[in-house]
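What follows draws every value from the coordinates through simple rules; no lab data is involved. As the structure is a prediction and not an experimental result, all values here were calculated from the model. Every residue, glycine as well, gets a Cβ built from its backbone with ideal geometry; the counts of neighbours run over all protein chains shown.
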Amino acid sequence: MKLKKYYKKYKEDKARGKDYFKWLFSYTKPYLWKIVLLMLISVSMTYLSIQYAVASQKLIDMAGGGQITSKAIVVFVFLMVVMLVVHVIIDMFTAMLNEKYTFGIRKQVYDKLLHSEWLGTQRFHTGDMMTRMTSDAGNVANGMVNVVPEIIVLFIQLVAVFITLYINSPFLAICALFLTPGGILLAFLIGRKLKRLQIKVQETETAYRSFIQESLANILVVKAFSNEEMFSDKLAELRENRFYWVWRKTKLSVGSNLVLSGTFQVGYVIAFIYAAGQISRGEITFGTMTLFLTLFGRVQAPMAALAQQLPGVVSIFSAAGRIMDIQDIPLENRLESVEMKGAVGVEVSDVSFAYAKEEILHDVSFDIKPGEFVAIIGKSGIGKTTLIRVLMNFINAGKGNIEYFDEHGTRTKASASVREFVSYVPQGNTLFSGSIRDNVLMGKLDATEEEMWEALDMAVCREFIEKLPDGIDTVIGEKGVGISEGQAQRIALARALIRKSPFVILDEATSALDEQTEFELLQRLGELSPKPTCLLITHRTSVLKYCSRELMIDNGYVTMQDL
Ligand SMILES: Nc1ncnc2c1ncn2[C@@H]1O[C@H](COP(=O)(O)OP(=O)(O)OP(=O)(O)O)[C@@H](O)[C@H]1O
Ligand SMILES: [Mg+2]
């Protein structure tokens, strides 16, 4: 039974392993030739350093003989300069490649996230996504640009020295070879454990970062409840937790290094005893023994260095896995866009939706006619925002059908492309840091100055904006810091209205406005020609007088009523 479980786990690991390689390869492909070039330069550096050693030895020999030729000095100095230059090239090339590779991963993951299902992205804390896209992406890049080429170079060195040793003493070479499988097995076993620890380290880093980011973003709440001490202690606690895992990982990697180099030391002792035995029997000279031991040491050095690269390799895989997790979020459905003419209506039939087990919407059916103003009402937490998310395809209702249509018979099913003709003012403060102009133009990037002011007028913004010292170019902070809640809400309205969409959805978009401002806004919206269809989620009865019907959500069901 247990064996079966292990086998299953092994199978799963193997399948995931294949994915890792595929993923790593797809990201490495654009940089492959540059990495190979870097590797070749590194190999040539090894060659240069050997030549440099030979040249210095020659120079010393000449000095011993009392005669130094100027050619020898020139060669020596030349090699030194070339090595310095190559060193600089390697450093610069590595830094550039590292940066490009990391950015390449970030960009691709970012682009993927922008086109992924919204609900899937919501499962991750922003701090978590940030850690995966920065620290984990960096680990992968460092691994692929530094660690892997280093391993390949070491391997080449190892093979070359091994062949030389084999030619000189087959016995010792075989001896060295026998130690290798042991080393590899050990590295494999430790590697798996190390990977688990590395994932833990990254998880604690995520928790730490998310905590800092969230508490700084909500610093007002921390202060309001005099929770400064508690937050400070909590940060220390998170750091302790992180330290615990970092320490365990460090102990394991230092320990494994010790064991691996210890194994190689044992090999050295065996070689030493063997060679000493041969000397005592007069089979070899001291000179040959020195050569044997030097060569044996040369096999060991790259082997020990390879062992030291283990944590780097482990980092690549654990980081790749963590990035793959966010990349696994499915892409959202986007049908070919259609051009809607005039006002737009929507037909919803038998739509059900559940975030988890409990259905928020249960077999919901209703029609909204083109140009109609409908109020969506219902208790807090009943599913009003959820219904909008389904209509805009931010979440995909597994069951049912949603179709938009215009007065000329053009129809399209709900998908990400309906957002081209549906404008949305989300619940809560959704402004970006930057100028008010930037925020409004987000609705229509190529809008003219005139269009912008038209939208601002409709959203009753002109008066307060003209009073600001920098007017429309006033820079606001994150989530609209620097202006009032109602002003932020009106800018968000202008951002949606600038699109002149035939279908407008307002999720409590007038909740922070006084009745007079709300009246002006909805009045202007209703007077537009052609009149847009408008869904207004509201808790306020004042809004109802602008609507012809109300859509009431209760207990997962929807009822429509004329007003
Ligand atoms: N991302 C989510 N994941 C899981 N459950 C969610 C998510 N968003 C909302 N819910 C749940 O779905 C239910 C409906 O939420 P929704 O936001 O649609 O309510 P609402 O009617 O808009 O409420 P309010 O008037 O307070 O804005 C709630 O019980 C909420 O707990
Ligand atoms: Mg809501």
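Fully extended, how many nm does the chain gain between residue 290 and residue 43 (0.36 nm per residue separation, minus their Cα-Cα distance)? Before the final figure, lay out each step's value.
Working: separation 247, 0.36 × 247 = 88.92 nm, distance 2.62 nm.
Net length gain for the segment: 86.3 nm.
Report the antiparallel proportion of the DSSP beta bridges in the chain as a percent, rounded to a multiple of 5.
Values: 25 of 42 bridges.
Expressed as a percentage, antiparallel bridges in the chain total about 60.
Given axes a ≥ b ≥ c from the Cα gyration tensor, I'd like to know whether the chain is rounded (a/c under 1.5), prolate (a/b larger than b/c) or oblate. Don't skip to the end; give the middle numbers.
Numbers: a/c = 3.08, a/b = 2.46, b/c = 1.25.
Prolate shape, in that a/c is at least 1.5 and a/b is the bigger ratio.
Considering the options 321, 284, 443, tell which one lies farthest towards the positive end of the dipole of the chain, charges being +1 on Lys and Arg and -1 on Asp and Glu at the Cβ, about the Cα centre.
284
Got the relative contact order for the stretch 344-562 handy, in percent, Cα pairs under 8 Å and 6 or more residues apart? Intermediate values should be presented prior to the final figure.
Values: 420 pairs, mean separation 66.2, N = 219.
Computed over the stretch 344-562, the figure is 30 percent.
Using the Cα centre of the chain as origin and beta-carbon charges of +1 (Lys, Arg) and -1 (Asp, Glu), tell me which of 308, 262, 381 is placed farthest towards the positive end of the dipole.
Of 308, 262, 381, it is 262.
Using the Kyte-Doolittle scale, which helices in the chain average at least 1.6 and also have C-alpha atoms spread 24 Å or more along the helix axis, with helices defined as whole DSSP H runs?
Numbers: long enough: 2-28 (38 Å, -1.64); 32-64 (48 Å, 1.16); 70-114 (65 Å, 1.14); 148-168 (30 Å, 2.10); 170-217 (67 Å, 0.58); 228-280 (76 Å, 0.08); 286-308 (32 Å, 0.99); 310-327 (26 Å, 1.03).
Helices meeting the criterion: 148-168.
In whole percent, what relative contact order does the chain give with Cα contacts below 8 Å and a gap of six or more residues?
On the way: 726 pairs, mean separation 80.4, N = 563.
Once normalised by length, the contact order is 14 percent.
Residue 545: which aspartates and glutamates have alpha carbons under 16 Å from its alpha carbon, excluding same-chain residues fewer than 8 sequence positions away?
372, 508, 514, 515, 518, 520, 527, 562
Summing Lys, Arg as +1 and Asp, Glu as -1, what charge do residues with Cβ under 10 Å from the Cβ of residue 353 carry, residue 353 excluded?
Numbers: positive: 389, 399; negative: 359.
My count for the surroundings of residue 353 gives +1.
Taking amide H positions as placed in the peptide plane 1.01 Å from N, state which residues far from residue 504 in sequence (5 or more) or on other chains have amide H under 5 Å from it.
Close amide H contacts, sequence-distant or interchain: 423, 533, 534, 535.
Which value in nm describes the separation of the simple spin-label points at residue 479 and residue 280, placed 7 Å from the Cα toward the beta carbon?
For the pair residue 479/residue 280, the computed spacing is 7.9 nm.
So how strong a dipole does the stretch 434-512 carry about its Cα centre when Lys and Arg Cβ are +1 and Asp and Glu Cβ are -1, to the nearest 20 debye?
Values: 9 positive and 15 negative charges, 36 e Å.
Using Cβ point charges on Lys, Arg, Asp and Glu, the stretch 434-512 gives about 180 debye.
Given charges of +1 on the Cβ of Lys and Arg and -1 on the Cβ of Asp and Glu, with all other atoms neutral, how large is the dipole of the stretch 344-562 about its Cα centre, in debye to the nearest 20? All intermediate terms of the calculation are to be shown ahead of the outcome.
On the way: 23 positive and 34 negative charges, 94 e Å.
With only Lys, Arg, Asp and Glu charged at Cβ, the dipole is about 460 debye.
Provide 527, 99 in ascending order of the number of other Cβ atoms located within 10 Å of each residue's Cβ, fewest first. Don't skip to the answer; put the middle values down first.
On the way: 527 9, 99 13.
If I rank by nearby Cβ atoms, fewest first, I get 527, 99.
Could you tell me whether the stretch 124-190 comes out rounded, prolate or oblate from its Cα gyration tensor? Rule is a ≥ b ≥ c as square roots of the eigenvalues, rounded for a/c under 1.5, then prolate if a/b exceeds b/c, otherwise oblate. Could the numbers behind the result be given before it?
Numbers: a/c = 9.78, a/b = 2.66, b/c = 3.67.
Taking the square roots of the gyration eigenvalues as a ≥ b ≥ c, the stretch 124-190 is oblate.
Cα centroids of the stretch 498-563 and the stretch 231-295: how far apart, whole angstrom?
Cα centroid to Cα centroid, the span is 73 Å.
For the residues 500, 467, 384, what sequence is obtained by ranking on other C-beta atoms within 10 Å, fewest first?
Working: 500 19, 467 9, 384 24.
The most exposed by this proxy come first: 467, 500, 384.
From the square roots a ≥ b ≥ c of the eigenvalues of the alpha-carbon gyration tensor of the stretch 61-177, which class results: rounded (a/c under 1.5), prolate (a/b over b/c), or oblate?
Values: a/c = 5.44, a/b = 2.03, b/c = 2.68.
Since a/c reaches 1.5 but b/c is at least a/b, the shape of the stretch 61-177 is classed as oblate.
Gap in Å between the Cα centre of the stretch 97-115 and the Cα centre of the stretch 336-397?
34
Using 30 Å as the Cα-Cα cut-off, could you pick out the over-long pairs in 18/249; 18/193; 369/467; 341/399; 34/112; 4/200?
Details: 18/249 25 Å; 18/193 19 Å; 369/467 40 Å; 341/399 28 Å; 34/112 25 Å; 4/200 27 Å.
From 18/249; 18/193; 369/467; 341/399; 34/112; 4/200, over 30 Å: 369/467.
Where nothing but the Cβ of Lys and Arg (+1) and of Asp and Glu (-1) is charged, how large is the charge dipole of the chain around its Cα centre, in debye to the nearest 20?
On the way: 61 positive and 59 negative charges, 746 e Å.
That gives a dipole near 3580 debye.
Under a Cβ-Cβ cut-off of 15 Å, what is the net charge of the residues other than residue 414 that fall near it, where Lys and Arg count +1 and Asp and Glu count -1?
Details: positive: 334, 389, 399, 411, 413, 419; negative: 117, 332, 336, 347, 350, 367, 403, 406, 420.
Charge balance near residue 414 sits at -3.
With unit charges on the beta carbons (Lys and Arg positive, Asp and Glu negative) and the dipole taken about the Cα centre of the chain, which residue among 521, 477, 340 sits farthest to the positive side?
Of the listed residues, the answer is 477.
Could you work out [θ]222 nm for the chain from helices alone, using -39500 (n - 2.57) per DSSP H run of at least four and dividing by all its residues? Round to the nearest 500 deg cm²/dmol.
Numbers: 18 runs with 347 residues, N = 563.
That calculation yields -21000 deg cm²/dmol at 222 nm.
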